[in-house]
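Visitor: Have a look at the structure that comes next, please.
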Amino acid sequence: TTQFYGLDKRPGARAYVGGTQDNGTWLSPLDPVALTPWADVIGGDGYETSWHFDDPLKIIGGYQYNGLQRSLDGGRSWSPAITAVSPPGEIDHGGGSAPFITKIAKSQSAPDFLCAVGVQGVWRSSDFGGTWSLCAIPAGTWGSMSSFHDVYISRANPSVVWAGSRMDVNGQIHRSTNGGVSFTPVPNYAAPTMGGISGIATHPTDANTAYVLFSFAARPKILRTTDGGTNWTDLTGFAGGAPSTNGFPDVAVYDLVVFSNNTLRMWAATEIGIVESLDGGLTWALADNGLPN
């Protein structure tokens, strides 16, 4: 069996690239079916990937601790993508300087713009991983390095970037409005006290709206801001503890999609399957759509 950490699709075609736990990064041919062999293209543990939205020859992925590799020929050859211009050196410093689970933030509207995270803050690239520069974030709000450190470029506006790993006295979520050149911590949600996050998501059309995901029992699972992080609201009915008041199960949540063709429709990826809202998070139920848990 294979567990995918991240997957991306070739634009305009049915081909895929994804990173798998303990089993590297794999690239499919065009139009794969159930038993079609995929190519093993990057070793180590495989994590998030990006297939350039405008140029199908450009692909990036990586192994643990920001071991980023990219291809400029559609996956036939790969080379390291860890050259830093500020500060000089490499963004891959091994254990302790980057999360074990490598994160790659990407944007369809600005596909050359990528972000990754490290112990000092957010790394940004404007040339699809050719070179990287660091936006340092103070340790007091960035928090201790964790595999749950995350970075996410707004789907609505690539100038807006969200990053962080916690929402408590040990760390805050950060927001950039200049494409990751600088970040500002936003206020924590404090009713109740939270902690380490399990994901970040954004809205497809509103750059001021974002979501922070959690996996604590009997506490909020999805917090939403509509004002750029100044205020946060629990969408899952756990503000007063368990059980939820709006149908959300008391389980871990790792991802969220707000549909671009109907922003009231939301899918939350949980440990027991997809939990769906059709009214913008007012109510939730397990999706009955044939996908397995």
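The values are calculated or read from the model by the stated rules, or taken from the named source; none is laboratory data. Keep in mind the model is a prediction, meaning the values are calculated, not measured. Here the Cβ is made from the backbone with ideal geometry for all residues, glycine too, and neighbour counts use every protein chain on show. Remember, those area values only see protein heavy atoms, side chains included, never the ligands or the DNA or RNA. Shrake-Rupley method; radii C 1.70, N 1.55, O 1.52, S 1.80 Å.
Visitor: Given the criterion open to solvent by 60 Å² or more (accessible area, probe 1.4 Å) and either touching a Pro at 6+ places or on another chain (Cβ under 9 Å) or at pLDDT 95 or above (or both), identify the matching residue among Leu256, Leu235, Leu286, Leu291.
Guide: Answer to the selection: Leu286.
Visitor: Now for a separate question. Within region 233-266, track down each residue that is part of a loop (DSSP other than H, G, I, E, B) and of a type in the set (Phe, Trp, Tyr).
Guide: Phe238, Phe248, Phe259
Visitor: So Thr263 fits all but one of (1) over 29 Å from Ser107 (Cα atoms); (2) open to solvent by 10 Å² or more (accessible area, probe 1.4 Å); what number is the exception?
Guide: For Thr263, the exception is condition (1).
Visitor: Another one. Please tell me if Trp162 is part of a strand (DSSP E or B) and in contact with a Leu (Cβ under 6 Å, 6 or more places away or on another chain).
Guide: So Trp162 does not fit the description; no.
Visitor: On to the next question. Given Asp40, Asp54, Asp31, Asp73, which one is open to solvent by 70 Å² or more (accessible area, probe 1.4 Å), acidic (Asp, Glu) and within 22 Å of Ser126 (Cβ to Cβ)?
Guide: Just a single option satisfies the conditions, and that option is Asp54.
Visitor: For region 121-130, check the following and say yes or no: at least one residue is closer than 15 Å to Asp8 by Cβ and surrounded by fewer than 23 Cβ atoms within 10 Å (Cβ to Cβ). Break it down stepwise before answering.
Guide: Within region 121-130, the subset closer than 15 Å to Asp8 by Cβ is 128-129.
Narrowing the set further to residues that are surrounded by fewer than 23 Cβ atoms within 10 Å (Cβ to Cβ) leaves 128.
For region 121-130, residues closer than 15 Å to Asp8 by Cβ and surrounded by fewer than 23 Cβ atoms within 10 Å (Cβ to Cβ): present.
Visitor: Counting only residues that are open to solvent by 60 Å² or more (accessible area, probe 1.4 Å) and either touching a residue at least 40 places away in the same chain (Cβ under 8 Å) or among the basic types (Lys, Arg) (or both), how many does region 158-170 have? Reasoning before the result, please.
Guide: Taking region 158-170 as the starting set, the residues that turn out to be open to solvent by 60 Å² or more (accessible area, probe 1.4 Å) are 166, 169-170.
Still in the list and also either touching a residue at least 40 places away in the same chain (Cβ under 8 Å) or among the basic types (Lys, Arg) (or both): 166.
The number of residues fulfilling the criteria is 1.
Visitor: Further, regarding this structure: With the requirement that a residue be under 17 Å from Ser165 (Cβ atoms) and not hydrophobic (A, V, I, L, M, F, W, C), what does region 204-219 give you?
Guide: Of everything in region 204-219, those that are under 17 Å from Ser165 (Cβ atoms) and not hydrophobic (A, V, I, L, M, F, W, C) turn out to be Tyr211, Ser215, Arg219.
Visitor: When you look at Ile274, is it open to solvent by less than 60 Å² (accessible area, probe 1.4 Å), assigned to a strand (DSSP E or B), within 27 Å of Leu114 (Cβ to Cβ) and modelled with pLDDT of 95 or more, yes or no?
Guide: no
Visitor: Quick check, is Tyr152 in contact (Cβ under 8 Å) with a residue 24 or more places away in the chain, under 25 Å from Ile82 (Cα atoms), among the aromatic types (Phe, Trp, Tyr) and buried (at least 17 other Cβ atoms within 10 Å of the Cβ)?
Guide: Considered against the rule, which asks whether it is in contact (Cβ under 8 Å) with a residue 24 or more places away in the chain, under 25 Å from Ile82 (Cα atoms), among the aromatic types (Phe, Trp, Tyr) and buried (at least 17 other Cβ atoms within 10 Å of the Cβ), Tyr152 comes out as yes.
Visitor: Regarding Ala139, is this residue open to solvent by 10 Å² or more (accessible area, probe 1.4 Å), over 18 Å from the mean Cα position of the chain (by Cα), within 23 Å of Lys221 (Cβ to Cβ) and without any contact (Cβ under 8 Å) to a residue 40 or more places away in the chain?
Guide: The answer is no for Ala139.
Visitor: While we're here: When Ser133 is evaluated against the numbered criteria (1) in a loop (DSSP other than H, G, I, E, B); (2) open to solvent by less than 50 Å² (accessible area, probe 1.4 Å); (3) not hydrophobic (A, V, I, L, M, F, W, C), which criterion, by number, is the only one it fails?
Guide: (1)
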